[in-house]
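Here's the structure, in structure tokens; my notes come after.
Read-outs: derived from the displayed coordinates by stated rules, not from any lab. What you are looking at is a predicted structure, and each value in this text was computed from that prediction instead of being measured. Cβ sites come from the backbone with ideal geometry, for glycine too, and all protein chains shown count toward neighbours.
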Amino acid sequence: MSLFLGLAAQAAEAASAPVAQESGSIPFLIVGLWVLLLSIFVGFEVIQKVPPTLHTPLMSGSNAISGITIVGSLYCVGNDYPLSAGIFGVIAILCAMINVVGGFVVTDRMLGMFHAKGGKK
Amino acid sequence: MISMTNVVELAYMASSLLFVLGILKLGKVKTAKQGNLWAAYGMALAIGATMLLLITRGDWSPREGEWTYQSHALALGAMALGSVIGWWMAVKVPMTSMPEFVAFFNGLGGSASMFVGLAEVPRAVERGQTLSSEGADFAVAVILAVLIGAVTLTGSLVAYAKLAGKLNKNRIGPLGSQGFNVVLGLVCIGAGAWGGFFAADPMGLWLSNGLLTLGSLLLGLGLTLPIGGADMPVAIALLNSYSGIAGMTTGFILKNNLLIVSGSLVGASGIILTQIMCKAMNRSLANVLVGGMGEAAGGGGSKDEGYTKVKSTSAEELAAVLDAASSVIFVPGYGLAVAQAQHKVRELAGLLEKKGCQVRYAIHPVAGRMPGHMNILLAEADVPYEQLYELDRINDDFKNTDVVVVLGANDVCNPAATNDPKSPIAGMPVLTVWDARTVVVVKRSLASGYAGIRNELFQMDNSLMFLADAKKALEDTITELKAL
């Protein structure tokens, strides 16, 4: 697994360089597909061994991560977009933010209940 | 050269790393809480970096008309409001309603992706060009973000309603039939192709993308409605995966690697969970999506299915049986969640442990309404997680156990799965509770479970039926046990 993580990190580094410098030699689609491919590998590797006890927190935690679209919605209220797009952006921000905060807090609450015998509480 | 764009790109890289490490840590009980926190830090970093970029490059400064000031104030307001609502809901929700709230949050995530996709429409209108003028891949990404985001939204809302018990229909008009889903799918493809590649005038762009949105929203309803209540663990896991995939497609719209990385992480995790759930039910994903077998048989029904030699028992007898036992295994099911009896189980277990009895819990992978549902409920009642056993680890131990108490579970301990090759659940891994010396089944009635089939366990020689609500039954048993 550390091999996959290493690969992904390298790829992400290599991939982000041309984008940031806008050299334009490699189209974003190709870079994006590389990143996608490696992230899926990392995802499969990381999640495969999670015990059933943690399935619910894993799901609600990853659900909160899917609220990352908040980043996308923030761009939509920028000056790159016409004002009418900003309306979609604001609704998206509201929804994504509920998803993010709600998801992380609920996961934290659930995990707070797990404890070993003779542990605290 | 260090530009702001590069700094932000590095911050995005760091938050991707935090997400991966966070999920990695979420996979172990000891580090799970920390893992969730790391993922949350990653999210905060990503949001902070994005705002920094937008502010420094003048994206959030007023343009003509001073309108933007207001839209940015609105954006910040939406963030604050969303945080408050999300936090409030997360703190308020009782642990038993966790499945439906995860579904609800998931739907909101999907809708955010849908709106990010739709925000490209007014932009294309302003340019007066097709969406594909920014590249065919861009147009496809927009269409997919709207399509998958909308399906996630309405699909999750159906899952929410079904889990909360507010909806038990498999059809609403034509919605829910496979034929109509195909029609909707074709409408979406048609509208998507028109809106992405051909429409360049404002009217055409709005109309086509509006049609795509509407079609996708209906498709989400149509795809989730036929899925039976017992198959909800699969449905939620799959919808979770969709919300990740929708987020990933917005990464291709905005040319943002962070969105691609986190979206596909979530997508992959959802798919793996879906696979695990299907395996636990010995069914294919296609079979689950088309609609459960039990639904076809009328969703169980309340008939007594002609059981002839059922032995009934009472709280008094159960207390006596438990008192004499030196090892007890509890098998919780959805009935336990409905009756909110998890604290009572814990109390009873505590009494038994004080008498020197070994207490364990056997958890079937699909017990309850979402993956790992029972573990959460029992954790809420302070049951140490070392006492929770998965199917593989406990099945061999039933034969050395004095008493098994089945609490509101049915299909997950049906012997037909192992000894009747013609049964609809044949081959499904089940808990072999009948190997124990005595099995007490606490259940409200003799009605069949979601699979809609009879359970021979109920009339085996060593099993006793305690027909009552799980919470009431446990309360009475505790009283009797204390009186002994």
*Using label points projected 7 Å from each Cα along Cα→Cβ, tell me how many nm separate residue B:172 and residue B:310, to one decimal.*
3.5 nm
_Size of electric dipole in the protein assembly as shown: Cβ of Lys, Arg +1 and of Asp, Glu -1, about Cα centre, debye, nearest 20_ = 820 debye
*asked:* Could you tell me which residue out of B:49, B:193, A:55 lies farthest along the dipole of the protein assembly as shown toward its positive end? Charges go on the beta carbon: Lys and Arg +1, Asp and Glu -1, centred on the Cα centre.
replied: A:55
*Give me B:418, B:154 ranked fewest to most by other Cβ atoms within 10 Å of their Cβ, as a rough exposure proxy.*
B:418, B:154
_Skipping prolines and chain starts, which residues have an amide H placed within reach, meaning under 5 Å, of the one on residue B:330, given they are 5 or more residues away or on another chain?_
B:360, B:361, B:362, B:405
*Name the long-range amide H neighbours of residue B:463: under 5 Å, sequence gap of 5 or more, or other chain; modelled H, no Pro or chain starts.*
B:439
_Residue by residue through B:207-213, how many Cβ atoms from other chains fall within 10 Å of the Cβ on average?_
0
*Which lysines have a Cα lying under 23 Å from the Cα of residue B:279, excluding residues fewer than 8 positions away in the same chain?*
A:49, B:28, B:162, B:422
*Arranged by the count of other C-beta atoms within 10 angstrom, fewest first, what order do B:393, B:123 take?*
B:393, B:123
*Per-residue Cβ neighbour rank within 10 angstrom, fewest leading, A:66, B:177*: B:177, A:66
_Through the Karplus equation 6.51 cos²θ - 1.76 cosθ + 1.60, θ set to phi - 60°, convert the phi angles of segment A:54-63 into ³J(HN,Hα) values in whole Hz; use x for Gly and Pro._
9, 4, 5, x, 4, 5, 6, x, 5, 4
_Karplus-derived 3J(HN,Hα), 6.51/-1.76/1.60, for each residue of segment A:75-91, Hz, glycine and proline x_ = 4, 5, 9, x, 6, 5, 10, x, 4, 5, 5, x, 5, 4, x, 5, 4
_Helical contribution to [θ] at 222 nm, DSSP H n ≥ 4, -39,500 (n - 2.57), averaged over the protein assembly as shown, rounded to 500_ = -20500 deg cm²/dmol
_Prolate/oblate/rounded call for segment B:1-125, Cα gyration tensor, a/c under 1.5 rounded_ = oblate
*Please report the Cα spread of segment B:95-291 along all three principal axes, rounded to whole Å, starting with the longest.*
50, 39, 28
*Could you pull out every one of the lysines with an alpha carbon less than 16 Å from that of residue B:472, ignoring same-chain neighbours closer than 8 positions?*
B:344, B:443, B:482
*Pick out, from B:394, B:438, B:408, the residue whose Cα sits farthest towards the positive end of the charge dipole of segment B:315-483, with +1 on the Cβ of Lys and Arg and -1 on the Cβ of Asp and Glu.*
B:408
*Assign one of three labels to the protein assembly as shown, namely rounded, prolate or oblate, based on the Cα gyration tensor with a ≥ b ≥ c the square roots of its eigenvalues; rounded applies when a/c is under 1.5, prolate when it is not and a/b is larger than b/c, and oblate otherwise.*
prolate
*Quick one, could you list the DSSP H helices from chain B stretching 27 Å or more along their long axis (Cα atoms) with average Kyte-Doolittle hydropathy of 1.6 or above?*
B:136-163
_Need one number: nm distance between label points at residue B:5 and residue B:418, each 7 Å from Cα along Cα→Cβ, rounded to one decimal._
6.4 nm
*Between the alpha-carbon centers of segment B:70-119 and segment A:41-102, tell me the distance in whole angstrom.*
10 Å
*In nm, to one decimal, how far is the modelled label at residue A:80 from the one at residue A:44, with both set 7 Å along Cα→Cβ?*
3.2 nm
*Short version: ³J(HN,Hα) in whole Hz for each residue of segment B:428-436, in order, from phi by Karplus 6.51 cos²θ - 1.76 cosθ + 1.60 (θ = phi - 60°), x for Gly and Pro, what are they?*
5, x, 10, 7, 7, 4, 5, 6, 6
